[in-house]
Amino acid sequence: MSVVATNMNTINHLSTTCKIPNLQSPICFHRKPFSTSLLPLLPKTLNGFSYSSSVSRRSRLIIPKRRFSVSVEWQDCSVKMEVDVPVSVAYNFYLDRESFPKWMPFISSVEVLKDKPDLSRWSLKYNAFGQDIKYSWLARNLQPTPNQKIHWRSLEGLPNKGSVRFFPKGPSSCIVELTVSYEVPAVLTPVASALRPFLENLLRGGLERFAALAKTT
């Protein structure tokens, strides 16, 4: 018997006794099939990917779309000045929110809500950077510390918050420190770097008028 015939007989014998699988069919690694009944128990996302409840022969990952958001820039402005009035006089004068347009140049109107005196509506109007700037917001005065601190935050409209602190310097003078934080409006983003020093000059000018008017009360 030739060597070729001997090898063929050996292969035929192995195919009948060992049951060599048909290599054309998929190889199974004896894993239990995935049940679609387990899908409701899984989280909606797995490692940042979402899945579909319909399982086909070819599983498919659904990559979520990325959400791009525009970064919001906040700025802080702070100025302080000595006022030649007792700290109690300066504090009480600042509490009169509706008098702000008299001394703050860019505030056009302030209306305190009659039924909710801690709330007030503010309007800003000023020509700057070659355009008329107009904004409004609803603000809430937070719990003050008498003769020491007044602070607020906006509830709607132009996002802003701030505080004014009073430091007695003597029986007839005090230091007033005003800090304002605000979200830079989108229309002013190109001039954001110039906005802070511009507003600080306005606030400083406002405090100068505040000091002059406070002495007349």
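The values are calculated or read from the model by the stated rules, or taken from the named source; none is laboratory data. What you are looking at is a predicted structure, and each value in this text was computed from that prediction instead of being measured. Reconstructed Cβ throughout: ideal geometry from the backbone, glycine too, with neighbour counts over all protein chains shown. For the accessible areas, the whole protein counts, side chains as well, though only heavy atoms, and no ligand, DNA or RNA atoms are used. Shrake-Rupley method; radii C 1.70, N 1.55, O 1.52, S 1.80 Å.
The residues of the range 84-128 expose on average 54 square angstrom of accessible surface per residue, using a 1.4 Å probe on protein heavy atoms.
Only the Cβ atoms of Lys and Arg (+1) and of Asp and Glu (-1) were treated as charged; on that basis the dipole of the range 61-217 about its Cα centre amounts to roughly 360 debye. The value of relative contact order for the range 75-162, using C-alpha pairs under 8 Å at least six residues apart, is 17 percent.
For the range 58-217, averaging the sequence separation of C-alpha pairs within contact (under 8 Å, six or more residues apart) and dividing by the residue count gives a relative contact order of 29 percent.
Calculated FRET efficiency, SER181 to SER88, Cβ-Cβ distance, R0 = 25 Å: about 0.40 to the nearest 0.05. Any of LYS102/LYS161; LYS134/LYS215; LYS114/LYS169; LYS80/LYS114 with alpha carbons more than 24 Å apart? Name them for me. As for pairs spanning more than 24 Å Cα to Cα, those are LYS134/LYS215; LYS114/LYS169; LYS80/LYS114.
Surface composition of the range 119-203: carbon plus sulfur atoms hold 52% of the accessible area, using a 1.4 angstrom probe and ignoring ligands, DNA and RNA.
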